[in-house]
Amino acid sequence: MQLDAQATARERLVAELRAHALVIGEVVLTSGATAHYLVDAKRAILRPAGFSALSELVAGQARTWNATAVGGMTMGADPIACAALAGGAAVKAFFVRKEVKAHGLSRRIEGPLLEPGDRCMLVEDVVTTGGSTLRALEALRSEGHGVCGVLAICDRLVGGAEAIEQAAAAPFVALTTIDDVYPDRPDR
């Protein structure tokens, strides 16, 4: 994707996140911490304009990293992995369950089987501490898969990105940060 097209897609994504995903008020985050705002990215990316912008950006990053599989911890990663497919990336989508399914095929990583040579791109909607992504990374590694990079829709800029990058030993890219989505937040 050309840089100007990528910048336009990013601008559209930021606008959608601001309009639909930003929730101001006291909330408890996945990490257990309390915050005065939340970026509920799914409220923006599960709309046509947000999904379209996300598809362009995620597919573009998958191509940049030569990823062959895109996924992460279920729920946060699910629409992003599907966006990579919708954006035309030549990848498989996968979802990591919190624990092994007790019935059926008893798999922790769902979707097409990942092969030993697959270049897995981990994805996450919003990164605070990085805990969900680190659990997905652990699941991939426990099954012998490596990671070519980690992409998040929004980084809350509180250390999660650094923790992920160090643990993954791979690049981390955030499509947006909390500075883009909520530039006037009180804790800035």
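The values are calculated or read from the model by the stated rules, or taken from the named source; none is laboratory data. Keep in mind the model is a prediction, meaning the values are calculated, not measured. Quick reminder, even Gly has a Cβ in these numbers, built from the backbone with ideal geometry, and neighbours come from all protein chains shown. In case anyone asks, the SASA skips ligands and DNA or RNA and just uses the protein heavy atoms, side chains included. Shrake-Rupley method; radii C 1.70, N 1.55, O 1.52, S 1.80 Å.
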Checklist entry - To two decimal places, what compactness ratio does region 100-173 give when its Cα radius of gyration is scaled by 2.2 N^0.38 Å? => result 1.14
Next on the checklist: What is the percent carbon and sulfur in the accessible area of the chain, measuring with a 1.4 Å probe over the protein chains and ignoring ligands?
Outcome noted: 53 percent
Checklist entry - How do Phe51, Phe94, Phe172 rank by accessible surface area computed with a 1.4 Å probe, from largest to smallest? => result Phe51, Phe172, Phe94
Item to check | Convex hull volume per residue for region 50-188, taking Cα atoms only, in Å³ | outcome: 104 Å³
Item to check | Whole-Å distance, taken between Cα centres, linking region 5-43 and region 125-188 | outcome: 14 Å
Item to check | region 30-188 - charge dipole about Cα centre, Lys and Arg +1 at Cβ, Asp and Glu -1, debye rounded to 20 | outcome: 420 debye
Item to check | Net charge over other residues, Cβ less than 15 angstrom from the Cβ of Glu138 (K, R count +1; D, E count -1) | outcome: +2
Item to check | Relative contact order of the chain, defined on C-alpha pairs under 8 angstrom at six or more residues apart (%) | outcome: 18 percent
Checklist entry - Heavy-atom accessible area of Val126 with all protein chains present, probe 1.4 Å, nearest 10 Å²? => result 30 Å²
Next on the checklist: Ordering Tyr37, Tyr182 by accessible area with a probe of 1.4 Å, largest first, what comes out?
Outcome noted: Tyr182, Tyr37
Checklist entry - How large is the dipole of region 114-183 about the Cα centre if only Lys and Arg carry +1 and Asp and Glu carry -1, each at its Cβ, rounded to the nearest 20 debye? => result 120 debye
Item to check | Value of relative contact order over region 8-81, rounded to a whole percent, pairs C-alpha under 8 Å and six or more apart | outcome: 28 percent
Item to check | Sparse-neighbourhood loop sites, trypsin sites (Lys or Arg not before Pro) in region 2-95 - DSSP loop, at most 10 other Cβ within 10 angstrom | outcome: none
Next on the checklist: Please state the shape class of region 1-130: rounded when a/c is under 1.5, otherwise prolate if a/b exceeds b/c and oblate if not, all from the C-alpha gyration tensor.
Outcome noted: oblate
Checklist outcome for this item: In Å², rounded to a whole number, the accessible area per residue of region 137-184 with probe 1.4 Å is 40 Å²
Checklist outcome for this item: GluC sites (Glu not before Pro) in region 91-146 lying in a DSSP loop, each with at most 15 other Cβ atoms within 10 Å of its Cβ, come to Glu99, Glu143
Item to check | Among 161-171, 127-137, the order from most to least packed when residues are scored by Cβ within 10 Å on average | outcome: 127-137, 161-171
